[in-house]
Amino acid sequence: MKEPNMSTYLITGGAGFIGSHLAESLLADGHKVIVLDDLSTGSADNIEHYRHDPNYELVIDTIMNADLMSELMDRCDYVFHMAAVVGVRRVLESPIRTIQSIVQGTDIVLELAAKKDKTVFIASTSEIYGKSTALPFSEEGDVVLGGTCRGRWSYACAKAIDEFLALAYHRECNLKVVVGRHFNTVGPRQSARYGMVLPQFISQAVAGEPVTVYGDGRQQRCFCHVNDVVWAIKRLIVNPQSYGKVFNIGSREEISILDLALLVKERTHSDSEIVFVPYDAAYDDNFEDMRRRIPDLHRLHDLVGEKPLVPLRQIIDQMAEHHLSHA
Ligand code: UDP
């Protein structure tokens, strides 16, 4: 028997970085959580501490298994679709897998959810804004992507198809679906393995290895603690006013990548040197980066409210501590 306020959440990609924090938070709220993850980039370590919670269930399989997805969806009230390829480097290495899993996987989720009348959150990305310079990026703004010869943009383009599909299922089939565009999300358990800048800098600084700043280091990003992201997306999925809409999710505190490297060195008391690595050596010779990326958060704040975000220094301290205790 379920408690009156207890819901069942299916989280695809729930053993991944954001998904595992989300699962933990929903369990703490007293909900049931079913995680579907193929453990390709998610990790059993991420879920180790609540693995034995009776309200938790892990299913190791892929979102492309439509029969399984159908069964799991019958058992849940809400679906967080978080499964996707992680990191720019993996996108460049495995473009076919990236595009197929994003487009086909999301279509499976949306079609089943529409058929079974479930509520869905689709995790999208700030990559969608591409090279736009219309800062801060607002949800209705233009998408400015580079040519198809540049592999990086396949990820944004596939995610844009996901968004079009989600909005179309809402309009044509009344699907209760909300799209969240995640900006740079960081925090404990984020692996350095996939090349994302902050875990990479922390692991380099702690090991006393060179901290690798790509390009001139003057490109800027806003980093948001994963718990602040989880706070927002849990509120979005249960708010009917979010359905059929897209929301930016992130922080507006901007920092250059070079300043980030300096801050990481300071917080970890590291004497690592900072080295500048040209983009073509870091990725490929066709690579395009974006200089700045700031979210307009008015739409999010108007709907779910606003709370103080974890400051970047504290995020770095937490990540360094986690890194050291799991080395
Ligand atoms: N970056 C860097 N050194 C690294 C990894 C990344 O300078 O070791 C840069 C990267 O080129 C980009 C920024 O840091 O300009 C953020 O990269 P990340 O892959 O974390 O996220 P993105 O914002 O590109 O999706």
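The values are calculated or read from the model by the stated rules, or taken from the named source; none is laboratory data. As the structure is a computational prediction, the values presented were derived from the model and not from experiment. Using ideal geometry, Cβ is built from the backbone for each residue, glycine included, and neighbour counts are taken over all protein chains shown. For the accessible areas, the whole protein counts, side chains as well, though only heavy atoms, and no ligand, DNA or RNA atoms are used. Shrake-Rupley method; radii C 1.70, N 1.55, O 1.52, S 1.80 Å.
Quick rundown of the values:
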quantity: Accessible-area value, residue 176, 1.4 Å probe, nucleic acids and ligands omitted, Å²; calculated: 70 Å²
quantity: Surface share of carbon and sulfur [accessible, 1.4 angstrom probe, percent] for the stretch 47-123; calculated: 49 percent
quantity: Lys, Arg +1 and Asp, Glu -1 on Cβ, resulting dipole of the chain about Cα centre, debye, nearest 20; calculated: 480 debye
quantity: Net charge of Cβ neighbours under 15 Å - reference residue 318; Lys, Arg +1; Asp, Glu -1; calculated: -1
quantity: The chain - percent relative contact order, Cα under 8 Å, separation 6 or more; calculated: 17 percent
quantity: Where GluC sites (Glu not before Pro) in DSSP loops with at most 12 other Cβ within 10 Å are excluded, longest remaining stretch of the chain; calculated: 1-139
quantity: Accessible-area ranking of 133, 268, largest first, probe 1.4 Å; calculated: 133, 268
quantity: Residue-normalised accessible area of the stretch 205-327, given per residue in Å² at a 1.4 Å probe; calculated: 49 Å²
quantity: The chain: calculated mean residue ellipticity at 222 nm from DSSP helix runs of at least 4, using -39500 (n - 2.57); calculated: -12500 deg cm²/dmol
quantity: Restraint check, 118/159; 159/265; 245/307; 115/307; 234/265; 131/176, Cα-Cα greater than 24 Å; calculated: 159/265; 115/307; 234/265; 131/176
quantity: Positive-pole candidate from 91, 114, 104, dipole of the stretch 64-123, charges at beta carbon; calculated: 91
quantity: Within-13-Å neighbourhood charge of residue 34 [Cβ basis; K, R +1; D, E -1]; calculated: -4
quantity: Farthest toward positive dipole pole in the stretch 210-299 [+1 Lys/Arg, -1 Asp/Glu at C-beta], among 223, 211, 287; calculated: 223
quantity: Theoretical FRET efficiency, 1/(1+(r/R0)^6), r = Cβ-Cβ of residue 171 and residue 302, R0 25 Å, to 0.05; calculated: 0.70
quantity: Cα-based shape type of the stretch 151-240, given that a ≥ b ≥ c are square roots of the gyration tensor eigenvalues and the cut on a/c is 1.5; calculated: prolate
quantity: Stokes-Einstein translational diffusion, the stretch 103-164 - Kirkwood Rh over all Cα pairs, 1.002 mPa s, 20 °C, in µm²/s; calculated: 165 µm²/s
quantity: Percent of Cα pairs exceeding the 25 Å cut-off, where the set is the chain; calculated: 50 percent
quantity: Environment charge at residue 194 (Cβ cut-off 10 Å; Lys +1, Arg +1, Asp -1, Glu -1); calculated: +3
quantity: With DNA, RNA and ligands ignored, accessible area of residue 265 (1.4 Å probe; Å², nearest 10); calculated: 50 Å²
quantity: Heavy-atom accessible area per residue - the stretch 65-159, 1.4 Å, Å²; calculated: 42 Å²
quantity: Accessible surface of residue 323 - all protein chains present, 1.4 Å probe, nearest 10 Å²; calculated: 60 Å²
quantity: Spacing of the two label points (7 Å from each Cα toward its C-beta) at residue 285 and residue 93, in nm; calculated: 2.2 nm
quantity: Nearest-20 debye value, the stretch 1-133 charge dipole, Cβ charges on Lys, Arg, Asp, Glu; calculated: 380 debye
quantity: Charged-residue dipole, Cβ positions (Lys, Arg, Asp, Glu), the stretch 145-298 about Cα centre, Debye nearest 20; calculated: 780 debye
quantity: Residue among 64, 19, 44 farthest towards the positive dipole end of the stretch 1-74, charges placed on Cβ; calculated: 19
quantity: Largest-first principal axis extents, alpha carbons of the stretch 24-133, Å; calculated: 44, 34, 28
quantity: Value of relative contact order over the stretch 111-194, rounded to a whole percent, pairs C-alpha under 8 Å and six or more apart; calculated: 41 percent
quantity: Apportionment of accessible area to carbon and sulfur, the stretch 170-241, percent (1.4 Å); calculated: 43 percent
